[in-house]
Every structure is written in structure tokens, then in C-alpha cells.
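Student: One structure, as C-alpha cells, below. Some questions next.
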Amino acid sequence: MADTENGTATPPPPAAAPQAPAKRDRTHYLYIAVIVAVLLGIAVGFAAPDFAKELKPVGTGFVNLIKMMISPIIFCTIVLGVGSVRKAAKIGKVGGLALGYFVVMSVVALAIGLVVGNILDPGSGMHLTEATKDVGQTAAKDAAEGPTDFVLGIIPTTLVSAFTQGEVLQTLLVALLVGFALQAMGRSGEPVLRGIEHIQKLVFRVLGMIMWAAPVGAFGAMAAVIGETGIDALKALATIMIGFYVTCALFVGVVLAGILRLATGFNIFALLKYLGREFLLILSTSSSESALPRLIAKMEHLGVSRPVVGITVPTGYSFNLDGTMIYLTMASLFIADAMDQPMSIGQQIGLLLFMMIASKGAAGVSGSGIAVLASGLQSHKPGLVDGVGLIIGIDRFMSEARALTNFAGNAVATLLIGTWTGEVDRDRVRRVLAGELPFDERTLLDSDDTAGQDDVPAPRDGGPSLEKEPVGA
């Protein structure tokens, strides 16, 4: 085109640079493979139960790989969160509010289980055997010793032993101490924070690699439990098992959904859909700990500030056990009815309040549901301990419902605590739940190398800084 003033041609505007095609999320196929593996595991468990039992170490090995990453992820998340907050009082406010909420929800879960257990009366017609009695007594011996041992157990032997022993609360304590120390160091602590931030990226990358073994772990775990349990045990104990699943579903879909809607305005089913892959992982491994690292990453991505996520999620895994509370209630009533030793309402309430306290000492212990149940009965009503063996056959299936409910409760708690403390980016939450800001499955982090992409959010913070306030402050 000619220029009207000097007759020179005006060059055409430069063409827009072509955008790089978005990388496909290959992890979509990973979780399809997990579903297929679970179905194959069920088939093998029914077709060849003896062979299926031998596959148990495969599932255990995968869960142990995930647990290996929990301590470093919790440490990095909490240190970065606490170390970058100017006011230490905020951390105390978050922790105190979280613990108060956990106690209230534990009581609510106990009450719901109490009502349903008394209505169903599922233990009638069961019979004890000598083998069953031995199982109950063994479980009681393996249980945690008491509240004093629990409190002392929070203190690690050395500064690094929390990482080697895999104790969540010990890691939480060490991380809080290191975070507050870096906070007190001021700007001189910033290089340490930057180093920990790089370590966190490395740890999440390793976790992403481990996740590709999920189909193998899911196959081994599911085949083993089907082979060990068999269809006869499922039929005999179907009443309490189905009743427990329905109760957990109602607790999540009614109680937690109502609280979340009233307090935040968000829909719990959108949140559960966002965490769908984590629920699948829990269902296939029967362990909520297998999804703990991913819950931390996803709640940060959702828009909850790092300090709130870092404190609420690990603490909730030890203190916010809604599914376990419902289980303890219904299992206790089941055993009492089965042994023809029904308890009065007063005895039921006393026993369950005792178990609510005792359950905190068994957090993170394999088979903790049975351990807490046995120890509670041993301390409060020893005559019922022999009946624990009645429920051992289906405990693995009930463990899945416990883990799913506990996980949902901790996800809701994190969003609630963040809302109540003003540490949530509500607009970001809406966009993430609507699918506008997808979670980066490759890094499990909002890392710098994804900034600027349309489909992946830029980091919410520009690196650790002691002058920066968290989101929503």
C-alpha cells in the first residue's frame, strides 16, 4: 500500500509468531491404566486367590514408594510457607483454627456413626471362633500405648530422624521450627528458602516419576485383598460394610457439602471432581497417605496459600479422621451386638469419646483402624476385644471408605481454613474448579517453566521473599 505523504510503500504488519502447540497430558492414559489394573486385580483375585495373595508385596511396595516422598514434601511446603510470612501469629491462628475444626468434625462424625449403628443393628447372628478371639487380642497388643506416648512420639530423636522414620507429625514439628528460624533470620535466610524451593521442585518431579508405577501397584493391591477376603466373607458382613459406605457417602455429600457451601459458596462435587485422580489412587491402594503429596500440590494450585496448605493438610492427616470416627462407632456397636453385650447410650458415648482421643496415637500406622478399635475396647470394655476378629475379614474394604472419607474431609478443611483466615484466592478457585486453569501433572507445581502458557497458570509468587504476604492477606 502506498503512503499518501511520500509515496513510499508501507510494509505489511509482521505476522504473529506461531504459538507452540500445547503438550498433551499423557497422565490421562496413566489413570485409565490404573482403572484397568484394578479390574484385572479383582478378576485375578477371584480366579486364582492363592496366586493373588502372593501379589501383596507389589501393592505394598508402591505405597511405600509414595510414603518415601511424604516427609520431604511436607518439610519443603511448610518451610517455604512459614518462612515467607512476616507475621508468626498468622501461623498460630491457622493451626489453632484447624485443630478446633478437627475436634468439632470428629464429634459430628462420631454422632452420625452412633445414630446409623443403632438403627442398623448389624451384629445380630454372628458367632465367635477361637481363631477370631486370637485376632482381637493380637490387634490390641499391636495398638498404640496411649496419649503420653503419642505426645512424646512427636519429638524426633534427631533433627533428621523424622525424614528417615517417615513420621508425619515429627516432620511437621521440624519444618515449623526451621520455618520460624528462617523467618527470624530476615533477608539472610532468603538463599536458604530459594534452595529449598529448588529441592521442592526436584521432589515433586521424582513423585511424578513414581506415579507411573501406579497401575502395577493397584493391580497387586487389589488382587491380594480379593484373594485374601473371598466372596463368603463379603456376603456374611455385607450389612455393616454397605451401611458404612452409605454413611460415609452421606457424611461427605450432606454434612461436608453443606458446611462448604455455607462457609465458602463452593460446590463440593466440583472439588471432588478436581481431586478425582487422587480418589482413584486411594481406592486402588486403600491408603489416603498415597495421595497426601498430591493433595498438597493441588490445594496450592487451587488457590489456598502455602502456609495454610502446609499446616492444615499434614495436621489433618493425624487429627481430622472423619471416616475413621464413623468406622470406630459402627464397628464397636457391631461387635457389642454380635457378642450379645449391647451397650447403653451412655456407655457408647463414653467408649467413643475415648476412641476419638486414642485414634490420634495411631495415625499413619498400617491397619490403624483395627489397632485403634482393639485398643479402645481393651481399655474401656475388655470383654469386647475378642470380637474384633469378626470384622477383620472386611476391614480392607472398610479401610478404603475410611481413607476416601478422611481425604475428602481434609480437602474440605483446607479450603475452609483458608477461607476463614482470608488466605484463599476465590477467583482462582472458581477458575480452577471450572477447568480454566488445569493442574500441571508433569511437575505437580506451578513452576516457572510453565509461566506464560495459556492453559497453565503462572506462579502465584515470585519466589520466596520475607516481605511478601500470602494470597489473600
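The values are calculated or read from the model by the stated rules, or taken from the named source; none is laboratory data. Note that the structure is predicted; figures quoted are calculated from it, not measured. All Cβ positions, even for glycine, are placed from backbone atoms using ideal geometry, and neighbour counts span all protein chains on display. What goes into the accessible areas is simple: the full protein's heavy atoms, side chains included, and nothing from ligands, DNA or RNA. Shrake-Rupley method; radii C 1.70, N 1.55, O 1.52, S 1.80 Å.
Here is a yes/no grid of residues against (1) buried (at least 19 other Cβ atoms within 10 Å of the Cβ); (2) touching a helix residue (DSSP H, G or I) at 6+ places or on another chain (Cβ under 6 Å); (3) under 17 Å from residue 67 (Cα atoms):
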residue	(1), (2), (3)
170	yes, yes, yes
173	no, no, no
177	no, no, no
181	no, no, no
189	yes, yes, no
193	yes, yes, no
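Student: Among the numbered conditions (1) within 30 Å of residue 428 (Cβ to Cβ); (2) not in a helix (DSSP H, G or I), tell me where residue 296 comes up short.
Tutor: (2)
Student: Confirm whether residue 241 is in a helix (DSSP H, G or I) and either open to solvent by 40 Å² or more (accessible area, probe 1.4 Å) or closer than 24 Å to residue 334 by Cα (or both).
Tutor: For residue 241, the condition - in a helix (DSSP H, G or I) and either open to solvent by 40 Å² or more (accessible area, probe 1.4 Å) or closer than 24 Å to residue 334 by Cα (or both) - is met.
Student: I would also like to ask the following. Which residue out of 349, 394, 370, 357 is of a type outside the set (S, T, N, Q), modelled with pLDDT under 75, within 13 Å of residue 325 (Cα to Cα) and surrounded by fewer than 21 Cβ atoms within 10 Å (Cβ to Cβ)?
Tutor: Result of the check over 349, 394, 370, 357: 357.
Student: Next question, about the same structure. In this structure, is residue 135 open to solvent by less than 70 Å² (accessible area, probe 1.4 Å) and at pLDDT below 85?
Tutor: Against the criterion (open to solvent by less than 70 Å² (accessible area, probe 1.4 Å) and at pLDDT below 85), residue 135 qualifies.
Student: If you don't mind, there's one more thing I want to ask. Can you report the number of residues in segment 419-433 which are surrounded by fewer than 20 Cβ atoms within 10 Å (Cβ to Cβ) and more than 12 Å from residue 302 (Cβ to Cβ)?
Tutor: 2
Student: Restricting the first residue to segment 336-354 and requiring it to be touching a residue at least 12 places away in the same chain (Cβ under 8 Å), which pairs with a second residue that is buried (at least 19 other Cβ atoms within 10 Å of the Cβ) and among the aromatic types (Phe, Trp, Tyr) meet a Cβ separation below 6 Å and a spacing of at least six or different chains?
Tutor: Once the first residue is touching a residue at least 12 places away in the same chain (Cβ under 8 Å) and sits in segment 336-354, no partner that is buried (at least 19 other Cβ atoms within 10 Å of the Cβ) and among the aromatic types (Phe, Trp, Tyr) comes close enough.
Student: Name the pairs whose Cβ atoms lie under 6 Å apart, with the first residue in segment 318-329 and part of a loop (DSSP other than H, G, I, E, B), the second crowded, with 24+ Cβ neighbours inside 10 Å and hydrophobic (A, V, I, L, M, F, W, C), and 6 or more positions between them or separate chains?
Tutor: Short answer, once both residue conditions are applied: 320/413.
Student: Moving to a separate point now. Just give me the residues in segment 266-287 being open to solvent by less than 40 Å² (accessible area, probe 1.4 Å) and part of a loop (DSSP other than H, G, I, E, B), in sequence order.
Tutor: Matches in segment 266-287: 266, 275, 286, 287.
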